[in-house]
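The values are calculated or read from the model by the stated rules, or taken from the named source; none is laboratory data. This structure is a prediction, so every number in the text was calculated from the model and none was measured. Every residue, glycine as well, gets a Cβ built from its backbone with ideal geometry; the counts of neighbours run over all protein chains shown. All accessible areas refer to the heavy atoms of the entire protein, side chains included, with ligands and DNA or RNA removed. Shrake-Rupley method; radii C 1.70, N 1.55, O 1.52, S 1.80 Å.
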Amino acid sequence: MLIKIENVTKDYHDNELVTPALRGVSFEVKQSEFVAIMGSSGSGKSTLMHIIGFLDQLTSGHYFFDGQDASHFNDQKLADIRNSKVGFIFQAYNLLPRISVLDNVLLPTIYTSNLDKGKIEQRAKELLDKVGLSHRVKHRPNQLSGGEQQRVAVVRALINQPRLILADEPTGNLDSKSGQEVMEVIQDLNEEGHTILMVTHEKYVAECARRIIVLKDGRILSDSQVFNRHIAKDGLEK
Ligand SMILES: Nc1ncnc2c1ncn2[C@@H]1O[C@H](COP(=O)(O)OP(=O)(O)OP(=O)(O)O)[C@@H](O)[C@H]1O
Ligand SMILES: [Mg+2]
């Protein structure tokens, strides 16, 4: 089991104001699964992704990652595991505008010591080629379309060969064609064995996954397999 979430709660505290964002969530994700997380705005999806991605701490419950109890990791340990084991793809691609596509992709490797620079650059170029961007390596992000920028963000998420890829609305800012291109890349990654957790509001995007978890008010409303799975390559219907 790669991820085991046990009765996890999360309260946000702002002065005296307490907002319960997760109210007891339990589920497991195996290596190589592709899970979509859905639910209305404010249901706790991003909060859950932040906890799973070691960006935030849970309030109570347990989080086991690859057999290790991560619930009480200190900040340094959280930062280490986040850097080496998790790749993030966000709705706003979060690329740095003033540096090249290649340098954006290489950013997560800055903090990983003892890497062969030549090898890692080679890997970045191969990955960019795989998502159809080999002709854009030296461009800056603002010279690319939204879909292209999101594919750069996908490559950046992969550069450290993470065990887990977390995507929070990866198609949220894209038109349907670009969204489809990004979903093709994400589905291919899953076919290669990457474990993927993806938040989306759109049912047809969620149905590219193999399993859908729906959150409501900080709890799991349903957790089901996808039977009529969309293959993004064949087009996504709207
Ligand atoms: N930093 C924060 N401080 C206080 N409350 C927060 C914070 N972040 C989120 N919340 C609250 O926690 C709840 C869950 O938020 P979360 O961002 O996880 O929802 P979401 O399902 O991702 O919503 P959306 O679909 O709009 O992105 C909401 O009520 C939100 O207002
Ligand atoms: Mg959110």
When restricted to Ala92, Ala153, the only residue within 16 Å of ligand 1 (Cβ to nearest atom), closer than 25 Å to His230 by Cβ and of a type outside the set (Phe, Trp, Tyr) is Ala92
| request: Inspect all residues belonging to segment 124-132 and state whether any of them is crowded, with 17+ Cβ neighbours inside 10 Å and closer than 21 Å to Ser46 by Cα. | output: no
inquiry  = Among the residues of segment 93-115, are any closer than 20 Å to Gln161 by Cα and within 16 Å of ligand 2 (Cβ to nearest atom)?
reply    = yes
Pairs returned, first residue in segment 37-58 that is closer than 17 Å to Glu6 by Cβ, second residue that is aromatic (Phe, Trp, Tyr) and near ligand 1 (Cβ under 8 Å from one of its atoms), beta-carbon separation under 9 angstrom, 6 or more apart or interchain, are Thr47/Tyr12
Inset, instruction - Check segment 189-198 and report whether any residue there is open to solvent by less than 30 Å² (accessible area, probe 1.4 Å), β-branched (Val, Ile, Thr), more than 16 Å from ligand 2 (Cβ to nearest atom) and under 18 Å from the mean Cα position of the chain (by Cα). - result: yes
Checklist line | Ser46 being within 14 Å of ligand 2 (Cβ to nearest atom) and either polar (S, T, N, Q) or within 24 Å of Arg163 (Cα to Cα) (or both) | finding: yes
In segment 48-77, anything more than 21 Å from the chain's Cα centre (by Cα), of a type outside the set (Gly, Ala, Ser) and within 16 Å of ligand 1 (Cβ to nearest atom) is listed as Thr59
Counting only helices (runs of 4 or more DSSP H) wholly inside segment 143-238, the ones holding at least 2 residues that are in contact with a Lys or Arg (Cβ under 9 Å, 6 or more places away or on another chain) are 146-158, 176-191
The condition of being farther than 18 Å from Pro170 by Cα and within 12 Å of ligand 1 (Cβ to nearest atom) holds, among Lys45, Lys10, only for Lys10
Those residues of segment 84-116 that are surrounded by 13 or more Cβ atoms within 10 Å (Cβ to Cβ) and either among the β-branched types (Val, Ile, Thr) or assigned to a helix (DSSP H, G or I) (or both) come to a total of 15
In the set Lys138, Lys177, Lys119, the lone residue that is over 30 Å from Glu202 (Cα atoms), among the basic types (Lys, Arg), open to solvent by 60 Å² or more (accessible area, probe 1.4 Å) and modelled with pLDDT under 95 is Lys119
Residue count, segment 1-36, condition within 16 Å of ligand 2 (Cβ to nearest atom), among the β-branched types (Val, Ile, Thr) and without any contact (Cβ under 8 Å) to a residue 40 or more places away in the chain, comes to 1
